[in-house]
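No value in this document is a laboratory result; all are computed from the given coordinates. Because the structure is predicted, anything quoted here is derived from the model rather than measured. Using ideal geometry, Cβ is built from the backbone for each residue, glycine included, and neighbour counts are taken over all protein chains shown.
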Amino acid sequence: MALMDDVAAVLDGVGPRLRALRTARNLTLTDLAGSTGISLSTLSRLESGQRKPTLELLLPLAQAFQVALDELVDAPPTGDPRVRMPSFVRGGATFVPLTRRPGGVQAFKQILPAGYPHREVEPQTHEGYEWMYVLSGKVRLLLGDQETVLVPGEVVEFDTHLPHAVTNPFAQPAEILNLFGPQGERAHVRTRSGS
């Protein structure tokens, strides 16, 4: 009987997690219905707990939120601490998520192919703060009126309200680590003082 109680508790928690993911991403139920093909009423009933989640419903939701299925159902930990989240391609760049939880600072490894992007790019602005570390290759950062070429081992951080674009006009792919913080949340670097 305890196992059935555990399963019921896990299923009861799905609705609140779905609502939290949706609101953290500033999506409406209509937005989510459009991207998943799940009806508005079904999504509403899932979030309120009036509809039991099924694999048929959870798979497109996990894909839309770009989270692992076990994160939607808050599966018990397996003891494996490795982050195993699927990579995705956006605008020709590959993103490898390095954090599992939505909200707060998000970490990604980003792979920019040679000549990325293959079109003229306009600097963009959005909410948040970004920290970027170049692992390999070179990247060009356009930040406001400045243009900077970054090489392996260099770090930049900036407020994403400034118009910015990251490109790789060079002949080799580039790999970078990105930390994105919401609404001005900055990464805090702690150093040890010499004693």
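Listing for the model above:
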{"quantity": "Amide proton proximity set for SER136, modelled H, under 5 Å, gap of 5+", "calculated": "GLU175"}
{"quantity": "Average Cα contact separation per residue, segment 88-184, under 8 Å, 6 or more apart, as relative contact order %", "calculated": "37"}
{"quantity": "Likely footprinting exposure, LYS138, LYS52, fewest C-beta neighbours within 10 Å first", "calculated": "LYS52, LYS138"}
{"quantity": "Under 5 Å, built H, 5+ apart or other chain: amide partners of ASN168", "calculated": "TYR116, ARG140"}
{"quantity": "Net dipole in debye of segment 88-184 [+1 Lys, Arg Cβ; -1 Asp, Glu Cβ; about Cα centre; nearest 20]", "calculated": "480"}
{"quantity": "Computed lengthening from ALA107 to THR42, 0.36 nm per intervening residue step minus Cα-Cα distance", "calculated": "20.2 nm"}
{"quantity": "Listed peptides 168-181, 141-154 by packing density, highest first (mean Cβ within 10 Å)", "calculated": "168-181, 141-154"}
{"quantity": "Projected label distance in nm at ASP31 and LYS52, using a 7 Å step from Cα toward the beta-carbon", "calculated": "3.1"}
{"quantity": "Per-residue HN-Hα couplings for segment 53-70 [Karplus 6.51, -1.76, 1.60; θ = phi - 60°; Hz; x = Gly/Pro]", "calculated": "x, 10, 4, 4, 8, 6, 4, x, 5, 4, 5, 5, 8, 6, 10, 5, 4, 5"}
{"quantity": "Derived scalar couplings ³J(HN,Hα) [segment 144-151; Karplus, 6.51 cos²θ - 1.76 cosθ + 1.60; whole Hz; x for Gly, Pro]", "calculated": "x, 8, 9, 10, 10, 9, 10, 10"}
